[in-house]
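Heads up: the structure comes next, in structure tokens.
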Amino acid sequence: GTLCRTKPTDLIFVIDSSRSVRPHEFEKVKVFMSRVIEGLDVGPNSTRVGVINYASAVKNEFSLKTYQTKAGLLQAVQRIEPLSTGTMTGLAIQFAINQAFSDSEGARVRSPNINKVAIVVTDGHPQDSVQEVPARARAAGVEIFAIGVGRVDMHTLRRIASEPLDDHVDYVESYSVIEKLTHKFQEAFCVVSDLCATGDHDCEQICTSIPGSYKCACKEGFTLNSDGKTCSACSGGSESALDLVFLIDGSKSVRPENFELVKKFINQIVESLDVSDKQAQVGLVQYSSSVRQEFPLGQYKNKKDIKAAVKKMAYMEKGTMTGQALKYLVDNSFSIINGARPGVPKVGIVFTDGRSQDYITDAAKKAKDLGFRMFAVGVGNAVEDELREIASEPVAEHYFYTADFRTISKIGKKLQMKICVGE
């Protein structure tokens, strides 16, 4: 539909209405043709459609130049009547190639920008020869799709269809299910699918459609990374220098499989940073009943090494002393001895899944009084009041909560955007 633009095409349906095709079955063929037409861009400069009806004789129902609107075509298809005699398939296709695709019938001059396509629908054995069809079609630049129904002769289908045969030969067991091929033909004629609208892209922020493909872009304040897909919030210029410390809850309630998701969450945020001596530095602290510095600020000079160290982090699996951890952050993590740089913005990301077993108020207040920008991320049984107490002002922009560890990557995306913008 709207997600597709069809390449300009001269399309001829060649439909069998021999006596083996019952009237109600012929109606199904008309529905199939109508559905395919509905998916096309119809117009003199886009797609033109003609229909050839055949049995013992060939009847040109309407040619490529007859109807220039989709509505006109659909009404004309409804008026087609079956001929109900023999099966002169070869004759019908020869007529299509020699007559229907001629200038006088409205076909355009052969060009790489215009497809010439015939869709042949038949249910029987031809009473004439189809041997010359493929060579003549190739010579005329006509692509032939062959659809067989019921007791059709498959050998004939393969003989008349264009190469590769797997793409150009279709079989349905009865006319009642021919409609299921509609989608295949709508896709076959679709050359510019809007991949951004369908979600078939891997752009992190902004997707822009271009003919047959897409380009990624970033929101204001972000830079497109070298992969052409992801965006860095902290990129370009001294204003993106940053000392960032993660304070991660490793208590036993987190559980090992969720701890692995937390590591992915950390690395998701690391991926958006411009890590170097001059730009972003990252430190990592894990806490449970005690506090353990996994690595200080500046120990690792690039994203790859930070991410490897995060993956290796062992799970502590005890209590939840969030207050003690916040005190460690205030007293140690952002000290010069632990790699912090004077005059560089300090950001703390506190991740917890439950109520603290100690008092957090004083350390949470001190972190903010010292000018650290504090983000609080809570999962599962985390307590909203505690998260709000840890978070910087405006609180609503600095704390996040989700009930399920599996959705923390969504919080990660929001955090990526907030960490550096406005620093």
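The values are calculated or read from the model by the stated rules, or taken from the named source; none is laboratory data. Because the structure is a prediction, the values reported are computed rather than measured. For neighbour counting, all protein chains shown are included, and Cβ atoms are generated from backbone atoms with ideal geometry for every residue, glycine included. Keep in mind that these areas ignore ligands, DNA and RNA; they rest on the heavy atoms of the full protein, side chains included. Shrake-Rupley method; radii C 1.70, N 1.55, O 1.52, S 1.80 Å.
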Those residues that are exposed (fewer than 14 other Cβ atoms within 10 Å of the Cβ) and modelled with pLDDT of 75 or more, I need them from the range 204-216; list them, please.
-> 208
Take the residues of the range 271-304 that are surrounded by 23 or more Cβ atoms within 10 Å (Cβ to Cβ) and either within 27 Å of the chain's Cα centre (by Cα) or of a type in the set (Ser, Thr, Tyr) (or both): which is farthest from residue 415 (Cα to Cα)?
-> 288
Identify the residue in the range 246-270 that is open to solvent by 10 Å² or more (accessible area, probe 1.4 Å) and polar (S, T, N, Q) and, among all such residues, is nearest to the chain's Cα centre (by Cα).
-> 268
Only one residue in 95, 32 is open to solvent by less than 10 Å² (accessible area, probe 1.4 Å), part of a helix (DSSP H, G or I) and aromatic (Phe, Trp, Tyr). Which one?
-> 32
Could you say whether any residue in the range 48-60 is surrounded by fewer than 20 Cβ atoms within 10 Å (Cβ to Cβ), in the same structural domain as residue 154 (by the TED database) and within 22 Å of residue 31 (Cβ to Cβ)?
-> yes
Kindly establish whether residue 335 is open to solvent by less than 40 Å² (accessible area, probe 1.4 Å) and within 21 Å of residue 391 (Cβ to Cβ).
-> no
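Among the residues in the range 141-148, are any open to solvent by 60 Å² or more (accessible area, probe 1.4 Å), touching a strand residue (DSSP E or B) at 6+ places or on another chain (Cβ under 9 Å) and in the same structural domain as residue 14 (by the TED database)?
yes
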For the range 372-399, the count of residues that are open to solvent by 20 Å² or more (accessible area, probe 1.4 Å) and in contact with a strand residue (DSSP E or B) (Cβ under 7 Å, 6 or more places away or on another chain) equals 5
When the range 100-132 is checked residue by residue, the ones that are over 15 Å from residue 45 (Cβ atoms) and among the charged types (D, E, K, R) are 103, 105, 110, 116, 123, 128, 132
Look at residue 86 and say whether it is in the same structural domain as residue 154 (by the TED database), within 16 Å of residue 140 (Cα to Cα) and either surrounded by fewer than 19 Cβ atoms within 10 Å (Cβ to Cβ) or not hydrophobic (A, V, I, L, M, F, W, C) (or both).
-> no
